[in-house]
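The values are calculated or read from the model by the stated rules, or taken from the named source; none is laboratory data. This is a predicted model, so every value here is computed, not measured. Cβ: placed from backbone, ideal geometry, glycine included. Neighbour counts: every protein chain shown. In case anyone asks, the SASA skips ligands and DNA or RNA and just uses the protein heavy atoms, side chains included. Shrake-Rupley method; radii C 1.70, N 1.55, O 1.52, S 1.80 Å.
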Amino acid sequence: MTATEILDIQAIRADFPILNQEINGRKLVYFDNAATTQKPTSVIDTITHYYNFDNANIHRGIHTLAERATRDFEASREAIRDFLGASSIEEIIFTSGTTQGINLVASTFGRKFIKEGDEIIISGMEHHSNIVPWQMLCEERGIKLKVIPVTDLGELDMEAYVNMLSEKVKLISVNHVSNSLGTINPVKKIIELAHAVGAKVLIDGAQATSHLNIDVQALDADFYTFSAHKLYGPTGIGVLYGKKEILNAMPPYMGGGEMIKEVTFEKTTYNELPYKFEAGTPNIADVVALKTALEYIALHGKENIAAHEDMLLQYATEQLSEIEGLRIIGQAKEKVSVVSFVMDGIHHQDIGVLLDNQGVAVRTGHHCTQPLMQRFNILGTTRASFAVYNTTEEIDKLVAGLHKVKKMLS
Amino acid sequence: MTINETQDEIIEEFELFDDWADKYEYIIDLGKKLKGLPEEQKTEENIIKGCQSRVWLNAHQEGEKLFFEADSEAIIVKGLVNMLIRVLSGHTPKDISEADLYFIDKIGMSSHLAQTRSNGLASMVKQMKNYAIAYTP
């Protein structure tokens, strides 16, 4: 039996009420999952239930609601520990998303442990959120930023990476999966090589966690960060995993309540992990709902979801390749279900507008990876990205939509 | 013809279309017909920021009237720009800066003014009005 048969995609689609609507008179085809996935009813219900029955500020409260909210909040942390294969809940820090996770490491680990003359390595296929925080740090501290080149197929040039490594390199920050191309990067190898020269590694997992099994201990990642909203969870919440000994050595990120042990005007002592990095009242409802999202994934099985998405990727790649004048950008051997493409003589914005009129939602532009677009000498692409609830029939609609676009613009 | 007379004329033309494809084919055709700008005028100075596609806008004055020329990489934007030029070009700076561009909504193109489109139609309108203010005696 194939994954698609095991999964009953029609039943899964019924879990996502947003999909059941018409856009411009056509049934919605949602192919912008790499930007954000839709949310199942169970996740939406968790948020509603939390505010209807359990809302209270967490920790320190002694009344029943505070206990309930704290219990559910911490249960989510434990679920995430399990999801990432981390050894302790002390290593799971809640953030607002991947961007904050990266900025937290740049501001704390970066400022404390990376000095003038040191080097940081990123890659040529990073999202701006994994470029700009490092540029800011490098400018402030006189640190050198090096970039792993990208090959024509859209893979990292690992030979060049090996040649960049030296004892000057203190940190490597790369994505697990490219948001623009779908490339799965060999992060285990990248980490192993980095550790050999004593450098730490941060993995931007924003695009990986909904598709791949993550085991931070097997990877030996020093930091791993992701956003809930890209794996069927709510927006505004994310996670930073860090190895306990590194997090302990890092100064706090933001000052405020929750992150302190004792405060006097003379001196403040900081709370223990993970609270040291969680100043202020967190986004409690969405943290609780993230656990529901992980349960939704577990219910269907990540392997089944991945197999279904792989089938969609193969099908879309075949079907799109048959369109004359269409070129797929990013043809790595290892990919998640993302297809980025350009069409001869047609601007991606025109493609986006005309597909939207046919009910098909795709993303167009540079996908917050301008240097990568420059690498391929293009202004942007049209990107279709698939999730568990997508079908081959929807891909057929995309293909038909693109034929119509071609006809209209010829 | 006044600015509003041209707007009403465009609204009338669009009433002929009964589906989205006809409407967009017409806009695409207008995009193809727009003369555009020579390469040397596609400068950083003439570029309109905040667009998903690059748009260049240039203005010049003849007597009391202001004239616009523009170009874009994306054909639909070019078609929309063609209509804006048809409505606003050749009028006095005062009339241009005070114009209420109701035709965009009436022909069902107001989504192109939305921020998410980032296609610069809103920026384009703003820039045309800025030129008009700058040229107002």
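Measure up A:Lys39/A:Lys230; B:Lys94/B:Lys126; B:Lys33/B:Lys129; A:Lys27/A:Lys397; A:Lys112/A:Lys243 against 18 Å on the Cα-Cα distance and list the ones that go over.
Going by Cα-Cα distance, B:Lys33/B:Lys129 fall outside the 18 Å limit.
When the helices in chain B are scored as -39500 (n - 2.57) per DSSP H run of 4 or longer and the sum is shared across all residues, what 222 nm value do you end up with, to the nearest 500 deg cm²/dmol?
-14500 deg cm²/dmol
Provide the percentage of antiparallel DSSP beta bridges, counting only those with both residues in chain A; round to the nearest 5.
60
On the protein heavy atoms, probe 1.4 angstrom, tell me the percent of accessible surface of the range A:44-298 carried by carbon and sulfur.
Carbon with sulfur: 53 percent of the solvent-accessible area.
Give the cross-link partners of B:Lys32 among the lysines, using a straight C-alpha distance below 22 Å as the criterion and excluding same-chain residues fewer than 8 apart.
Those lysines meeting the cut-off are A:Lys404, A:Lys406, A:Lys407, B:Lys23, B:Lys42, B:Lys78.
Kindly express, to the nearest 10 degrees and within the range 0 to 90, the angle between helix A:132-141's C-alpha long axis and the longest C-alpha principal axis of chain A.
40
For the range A:332-410 and the range A:136-196, write down the distance between their C-alpha centroids in whole Å.
Computed from Cα coordinates, the inter-centre distance equals 27 Å.
Once phi is turned into ³J(HN,Hα) by the Karplus curve 6.51 cos²θ - 1.76 cosθ + 1.60 with θ = phi - 60°, what whole-Hz value does each residue of the range A:331-342 show in order, with x for glycine and proline?
Here the 3J(HN,Hα) series is 10, 5, 5, 9, 9, 9, 7, 10, 10, 10, 8, 10 Hz.
Can you compute the equivalent ellipsoid semi-axes for the protein assembly as shown, i.e. the square root of 5 times each eigenvalue of the Cα gyration tensor, sorted largest first and rounded to whole Å?
45, 28, 26
To the nearest 10 square angstrom, how much accessible area does A:Lys170 have with a 1.4 angstrom probe?
Result for A:Lys170: roughly 60 Å² accessible.
Can you send over the solvent-accessible area of A:Tyr253, 1.4 Å probe, protein chains only, in Å² to the nearest 10?
70
Net charge near A:Met164: determine it from the other residues with C-beta under 9 Å of the C-beta of A:Met164, scoring Lys and Arg +1 and Asp and Glu -1.
Cβ neighbours under 9 Å give a net charge of 0.
Hey, what D do you get for the range B:3-135 in µm²/s if you plug the Kirkwood alpha-carbon radius into Stokes-Einstein at 37 °C and 0.692 mPa s?
220
Using a cut-off of 21 Å between alpha-carbon atoms, which lysines can reach A:Lys333, once sequence neighbours fewer than 8 places away in the same chain are excluded?
Partners found: A:Lys188, A:Lys189, A:Lys302.
Less than 13 Å Cβ to Cβ from A:Asp72, Lys/Arg counted +1 and Asp/Glu -1: what total charge do the surrounding residues give?
-2
Cα to Cα, under 14 Å, and not fewer than 8 places away if on the same chain: which aspartates and glutamates meet these conditions relative to A:Lys276?
A:Glu90, A:Glu91, A:Glu245, A:Glu258, A:Glu262
To the nearest 10 square angstrom, how much accessible area does A:Thr268 have with a 1.4 angstrom probe?
About 40 Å², rounded to the nearest 10.
D for the range A:44-298, whole µm²/s, Stokes-Einstein with Kirkwood Rh over alpha-carbon pairs at 4 °C and 1.567 mPa s: what number?
69
Counting only residues 5 or more places away or on other chains, whose amide H sits under 5 Å from the amide H of A:Thr95 once H atoms are built in the peptide plane?
Here the answer is A:Gly238, A:Val239, A:Leu240, since their amide H atoms fall under 5 Å of that of A:Thr95.
Rounding to the nearest 10 and keeping the result within 0 to 90°, find how far the Cα-based axis of helix A:302-321 lies from the longest principal axis of chain A.
Compared with the principal axis, the helix lies near 40 degrees.
Tell me: how much accessible area in total is hidden between A and B, 1.4 Å probe, Å², nearest 100?
In total, chains A and B hide about 1500 Å² from solvent.
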